Amino acid sequence: MRHTDTGDAAAPLLAASDLVKTYGGTEALRGASLDLRAGETVAVTGASGSGKSTLLHCLAGMVRPDSGTVRYAGERLEEAPERRLSELRRTDFGMVFQFGQLIPELTALDNVALPLMLGGSGRTEARERAGTWMERFGVWGQRELRPGQMSGGQAQRTALARALVTGPAVVFADEPTGALDSLASERVMTVLTQTVRESGTAVLLVTHDALVAAYADREVALRDGVTAPAGVGV
Amino acid sequence: MSTRHILLGLLASGPSHGYDLKRRHDERFPQARPLAYGQVYTTLQRLVRDGLAEVDGTGSDGGPERTAYRTTEAGARELARWAAEVAPPAPYVTNEIFTKVVVSALADGDPAAYLRDQRAAHLARMRELTAVKTAPGADLATVLSADYALNHLDADLRWMTTTAARLTTLTAEVDAT
Ligand SMILES: Nc1ncnc2c1ncn2[C@@H]1O[C@H](COP(=O)(O)OP(=O)(O)O)[C@@H](O)[C@H]1O
Ligand SMILES: [Mg+2]
C-alpha cells in the first residue's frame with residue numbers, strides 16, 4: 001500500500017532541514033533538522049513549548065514551514081499540493097496523538113477499520129484486517145466498546161492499531177503515553193516497539209519522558225525550536 | 001567522592017589555607033560527611049607532590065601559623081578533565097553528578113557541556129535497560145531490577161534537565177558567595 005518507493009536504505013526516508021516556523025510573534029521552530037531512516041525509531045525530546053509538536057506536524061505534512069525543507073523518499077513535502085499531502089497521510093503515514101484521535105461514535109473495531117475503508121477496502125475485509133491488528137495489540141476483547149468505554153491504555157493501543165493498519169512507512173506519535181500511568185505506558189511502548197521492528201516501520205516519537213524516549217533507537221533534543229547536534233541532549 | 005578534585009575546585013577561586021578549605025567544603029556540600037582536618041592536609045600535600053597545587057605562602061594573621069595553597073596550571077587541567085568526565089550511569093551516582101556540577105561552576109568550567117554528555121550516557125544506559133526488560137522471556141527479577149535502575153536514572157535525568165535550565169542562575173549564585 002505504500003505509494004512511494006522508500007528507496008536506498010542508507011538515505012534517510014524522511015528528512016527535515018533547517019525548519020523555521022513562526023506563529024504570530026512566536027518562533028516555534030528556529031532551525032530544526034532531523035533525519036529518520038526506514039525502520040528506525042527516533043525520540044524527539046524537549047521541554048514543553050520547545051517545538052516538538054510543530055516539528056512533527058511539519059514532517060507529517062500537516063503544517064507548512066516558513067522556510068526549510070522536508071523530504072520524504074526524495075519528494076519535497078513543504079511545497080507539495082494539499083491533495084498529495086492528504087494522500088500521503090492516508091497511505092504512507094500513520095498518526096497517534098495523546099488524546100482524541102478515535103471517533104467517539106464508532107466502536108473500537110470500526111475505528112481501526114476506518115482508514116482501510118477510506119482507502120477503498122470493503123467493510124468485511126477492512127473489519128477482518130482491523131481485527132488482526134487489534135488482537136496483536138491486545139484489544140480484541142474491547143472491539144465492540146466505544147472509545148469512552150475503554151481505559152486510557154486500551155484506547156491508545158486501539159489508536160496504534162488504527163495508525164498501523166494501513167501498513168504505513170512512518171508512524172508519527174505525539175506524546176502517545178502522555179495520559180497513561182507507568183504500566184499502561186510500558187505496555188503501549190512495548191507493543192509499538194515490537195510491532196514496528198517486525199514491520200520495518202519508522203517512528204517519530206515525540207515525548208518529554210525519558211523512560212519513553214528510552215524505547216527509541218536514538219534521541220533528537222529540541223531546545224527553543226532548535227535541534228541539538230547529533231548525540232547532544234537538552 | 002573525590003576530595004582532591006573538590007579541593008582543586010575550591011582553590012580555583014583563589015589561594016586558601018586548609019582550615020578555610022574545610023569550612024567552605026562543609027558549607028558547599030552539607031549532605032556530604034564533613035571533611036576531617038587531617039584529610040584536608042593529607043590531600044593538600046598529595047596535590048603538591050603531584051604538581052597540582054603549590055604553597056602560596058604562610059601567615060599567622062595574629063593566630064597560629066597557616067599555610068595557604070594555590071592551584072597550578074596542571075591542577076586546573078586535571079580539574080577540568082574530571083569535571084567533564086561522564087560518571088558511569090548507575091543508580092546512586094547522583095551525588096557525583098551534583099558535585100561535578102557545583103565544582104565545575106565554582107571553577108568557571110563548563111557544567112552545561114558536562115550535563116549534555118552525562119545526559120547522553122544516561123539515556124544510552126536507559127535504552128539498554130529498556131531493551132533488557134522488554135526482551136521476550138525476561139524474568140520477573142530482571143524486569144524489577146531494570147525498572148529500579150531506570151527510575152533512578154530517570155530521576156537523575158530530570159534533575160539534570162532542571163539544572164541545565166537553571167545553570168545561568170546557579171553559576172551566578174555560586175560566583176556571588
Ligand atoms: N497553532 C499555533 N498557533 C500559535 N502558536 C502555536 C501554535 N502551535 C504552536 N504554537 C506555539 O509554538 C511553540 C511551540 O509549540 P509546540 O510545537 O506545541 O511545542 P511542544 O510540542 O514542544 O510543547 C509554543 O510557544 C506554542 O505556544
Ligand atoms: Mg506538543
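Read the figures in this text as sums done on the coordinates, not as results from a lab. Everything quoted here is computed from the prediction, not taken from an experiment. Counting neighbours? That spans all protein chains shown, and the Cβs are built from the backbone with ideal geometry, glycine included.
Which numbered condition trips up residue A:77, out of (1) without any contact (Cβ under 8 Å) to a residue 24 or more places away in the chain; (2) among the aliphatic types (A, V, I, L, M); (3) near ligand 1 (Cβ under 9 Å from one of its atoms)?
Of (1) without any contact (Cβ under 8 Å) to a residue 24 or more places away in the chain; (2) among the aliphatic types (A, V, I, L, M); (3) near ligand 1 (Cβ under 9 Å from one of its atoms), only one is false for residue A:77: (3).
In this structure, is residue A:179 under 17 Å from residue A:94 (Cα atoms), more than 11 Å from every other protein chain (Cβ to nearest Cβ) and not polar (S, T, N, Q)?
On the way: under 17 Å from residue A:94 (Cα atoms): no; more than 11 Å from every other protein chain (Cβ to nearest Cβ): yes; not polar (S, T, N, Q): yes.
No, not satisfied.
Would you point out the residue of region B:133-153, among those that are in contact (Cβ under 8 Å) with a residue 24 or more places away in the chain and surrounded by 18 or more Cβ atoms within 10 Å (Cβ to Cβ), that is farthest from the other protein chains (Cβ to nearest Cβ)? Step through it out loud before you land on a result.
Start the filter on region B:133-153 by keeping residues that are in contact (Cβ under 8 Å) with a residue 24 or more places away in the chain, which leaves B:148-150, B:152-153.
From what's left, surrounded by 18 or more Cβ atoms within 10 Å (Cβ to Cβ): B:149-150, B:153.
Working: B:149: 11, B:150: 6, B:153: 8 Å.
Ranking the qualifying residues of region B:133-153, first place goes to B:149.
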